[in-house]
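The values are calculated or read from the model by the stated rules, or taken from the named source; none is laboratory data. Since the model is a prediction, treat every value here as computed from it, not as a measurement. A quick note on method: Cβ atoms are made from the backbone with ideal geometry, for glycine too, and the neighbour counts reach across all protein chains shown. Quick note on the areas: whole protein, heavy atoms, side chains included, nothing else; ligands and nucleic acids left out. Shrake-Rupley method; radii C 1.70, N 1.55, O 1.52, S 1.80 Å.
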Amino acid sequence: MIKITETSLRDGHQSLIATRLTTDEILPILSEMDKAGFHSMEVWGGATFDTCLRYLNEDPWERLRKIRANVKNTKLQMLSRGQNILGYKNYPDDIVERFLKNAIFEGIDIVRVFDALNDIRNLKKSIEVIKKEGAHCQCAISYTISPVHTTEYYLNLIKNFEDVGADSICIKDMSGILLPYEAYNLVKAIKGVTDLPLEFHTHCTSGVAQMAMLKAIEAGIDIVDTAISPLSSGTSQPATESLAFTLQGTEHDPQLNVDSLNNAAEYFRNIIKKYQDDGTYNIKVLMTEPNTLQYQIPGGMLSNLLYQMKSLNASDKYDAVLAEVPKVREDLGYPPLVTPMSQMVGAQAVFNVISGARYNIIPTEIKNYVKGLYGKPAAPIDEKIKEKIIGNEEVITVRPADLLSDEYDKLKAEIGDLAKSEQDVLSYALFPQVAKTYFEKRS
Ligand code: CO
């Protein structure tokens, strides 16, 4: 029997409608979803947290509490970027610790942690806290394709995950580039070296996700991520109901409650009408992007680059930038193109093409990356490129967060009376300006 992680309340609406579902829109359907028989529901992550504060004038902690109060049987799951938690930079260990502690206290059962570079040092603190707090620690592989990201590379990573005490493992294919037969082989290979439960997370962006998911199931995957139909497909996950029908009567049947699925689907079909009418739900997110497979560039990054080139009046150089992206990636040791690496590699490729010479202009983030401040790349960075980017500045060899000192007390004093709780201080730690504005409106 395959288990299902339902993603509509995190990745589903994040992928299709810019994470705009409000808590009031989520709450009425939770008890119905709770009856569906899901293994877990993914409900919290970076964009859901940020959007609550930034656009919805909501406290993300309050949302989590309310969801927990309405979901009595199904496990609640969150996605965390390791040392970046739900933000875009490394936070000191005390913030990581307090944040995860609070999230687990408020009802998170499963924490999926990943690092954009698959640098296990960036996950160490999170894993330690998740385990100490008694939650389930799922370590995710940031899946990418490159000459160094071989099956051996991934099997080695699995071994490291096992060593640090992972409770389960996820193949996280954020770009939807894992092809069906590759998925089959990778799952078989991983199942050959570990007994830990294995989960598959992908996106329909390039049009292969449903096929890849079925092959992963045939190869013995334990859990898959799907979204209820109105919040599925396109840049989101495959539809929960369609997969349930596909597997009906087989040994993989997830045995979901069809009535609950239908009721939830009908509910969300009505909810998202508003987002179709106001343009938040743009048909573009539903268009299949096979170019993602050709260039191995995530769909979101392709459209960002096109937009950037247009705004620079350099649309004619778009193809040159697309050709430059894999070169920059090679120069930098093949980082997976996931946030924040996708933006950084994209920006460097644009500069390399429009400034007339490669690495004429270098963003600070790229310099920091080469200095090792994001972690260790999968392949060493070429010495010549390194010198071009940071001259003879030193590259750190310690865990990046070892260079950060504790910050909680300082931040607590800084935000003062505007913060009413430890959770407020943590919101402020992650999104300082946005949280402060929210607190001011609230009081
Ligand atoms: Co995703």
Condition test on Q255, is it over 28 Å from Y318 (Cβ atoms) and open to solvent by less than 10 Å² (accessible area, probe 1.4 Å)? no
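Restricting region 8-44 to residues that are within 15 Å of the ligand (Cβ to nearest atom) and among the charged types (D, E, K, R), which is nearest to N57 (Cα to Cα)? Lay out the reasoning, then the answer.
First, pick out the residues of region 8-44 that are within 15 Å of the ligand (Cβ to nearest atom): 8-19, 40-44.
Among the residues that remain, those that are also among the charged types (D, E, K, R) are: 10-11, 42.
Working: R10: 18, D11: 20, E42: 21 Å.
Looking at residues that are within 15 Å of the ligand (Cβ to nearest atom) and among the charged types (D, E, K, R), I get R10.
Given region 357-443, what helices (runs of 4 or more DSSP H) lie entirely inside it while holding 3 or more residues that are within 25 Å of the chain's Cα centre (by Cα)? Spell out the reasoning first.
On the way: elements: 364-370, 383-390, 408-415, 422-430, 432-442.
The helices (runs of 4 or more DSSP H) meeting that bar are 364-370, 422-430, 432-442.
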Since Q138 meets every condition but one in (1) at positive phi; (2) within 16 Å of the ligand (Cβ to nearest atom), which condition does it not meet? (1)
Scan of region 207-220 for residues that are among the β-branched types (V, I, T) and within 16 Å of the ligand (Cβ to nearest atom), ordered by number: V208
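Regarding S80, is this residue within 16 Å of the ligand (Cβ to nearest atom), open to solvent by less than 10 Å² (accessible area, probe 1.4 Å) and under 13 Å from I108 (Cα atoms)? Reasoning before the result, please.
Numbers: within 16 Å of the ligand (Cβ to nearest atom): yes; open to solvent by less than 10 Å² (accessible area, probe 1.4 Å): yes; under 13 Å from I108 (Cα atoms): yes.
Yes.
Do you know which of the residues in region 51-60 that are assigned to a helix (DSSP H, G or I) and buried (at least 21 other Cβ atoms within 10 Å of the Cβ) is farthest from the ligand (Cβ to nearest atom)? Lay out the reasoning, then the answer.
Our first condition is that a residue be assigned to a helix (DSSP H, G or I); within region 51-60, this holds for 51-54, 60.
Okay, now just the ones that are also buried (at least 21 other Cβ atoms within 10 Å of the Cβ), so 52-53, 60.
Numbers: C52: 18, L53: 21, P60: 18 Å.
Checking each candidate, the answer is L53.
Quick check, is M213 at pLDDT below 95, in contact with a Pro (Cβ under 7 Å, 6 or more places away or on another chain), within 22 Å of S15 (Cβ to Cβ) and not hydroxyl-bearing (S, T, Y)?
Details: at pLDDT below 95: no; in contact with a Pro (Cβ under 7 Å, 6 or more places away or on another chain): yes; within 22 Å of S15 (Cβ to Cβ): yes; not hydroxyl-bearing (S, T, Y): yes.
Considered against the rule, which asks whether it is at pLDDT below 95, in contact with a Pro (Cβ under 7 Å, 6 or more places away or on another chain), within 22 Å of S15 (Cβ to Cβ) and not hydroxyl-bearing (S, T, Y), M213 comes out as no.
Take the residues in region 301-326 that are without any contact (Cβ under 8 Å) to a residue 24 or more places away in the chain and touching a helix residue (DSSP H, G or I) at 6+ places or on another chain (Cβ under 8 Å), then tell me which one is least open to solvent (accessible area, probe 1.4 Å). Write out each step before concluding.
To start, the set of residues in region 301-326 that are without any contact (Cβ under 8 Å) to a residue 24 or more places away in the chain comprises 302-303, 306-307, 310-311, 313, 315-316, 318-319, 323.
Still in the list and also touching a helix residue (DSSP H, G or I) at 6+ places or on another chain (Cβ under 8 Å): 302-303, 306, 315, 318.
On the way: L302: 7, S303: 62, L306: 67, S315: 59, Y318: 41 Å².
Filtering region 301-326 for residues that are without any contact (Cβ under 8 Å) to a residue 24 or more places away in the chain and touching a helix residue (DSSP H, G or I) at 6+ places or on another chain (Cβ under 8 Å), the one least open to solvent (accessible area, probe 1.4 Å) comes out as L302.
Quick grid of which residues meet (1) modelled with pLDDT under 95; (2) within 29 Å of R442 (Cα to Cα); (3) not in a helix (DSSP H, G or I):
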site	(1), (2), (3)
L21	no, yes, yes
D24	no, yes, no
L27	no, yes, no
E32	no, no, no
A36	no, no, yes
V43	no, yes, yes
A69	no, yes, no
Report yes if T5 is within 14 Å of the ligand (Cβ to nearest atom) and assigned to a loop (DSSP other than H, G, I, E, B), otherwise no. no
Of the residues that sit in region 268-285 and are free of Cβ contacts under 8 Å to residues at least 60 places away in the same chain and either farther than 26 Å from I26 by Cα or of a type outside the set (D, E, K, R) (or both), which one is least open to solvent (accessible area, probe 1.4 Å)? G279
The residue that is farthest from the chain's Cα centre (by Cα), considering only those in region 180-206 that are within 16 Å of the ligand (Cβ to nearest atom) and either part of a helix (DSSP H, G or I) or not polar (S, T, N, Q) (or both), is A183
Can you name the residue in region 175-201 that is under 21 Å from N160 (Cβ atoms) and touching an Asp or Glu at 6+ places or on another chain (Cβ under 8 Å) and, of all such residues, is most open to solvent (accessible area, probe 1.4 Å)? P197
Among the residues of region 159-174, how many are within 16 Å of the ligand (Cβ to nearest atom) and surrounded by fewer than 17 Cβ atoms within 10 Å (Cβ to Cβ)? 0
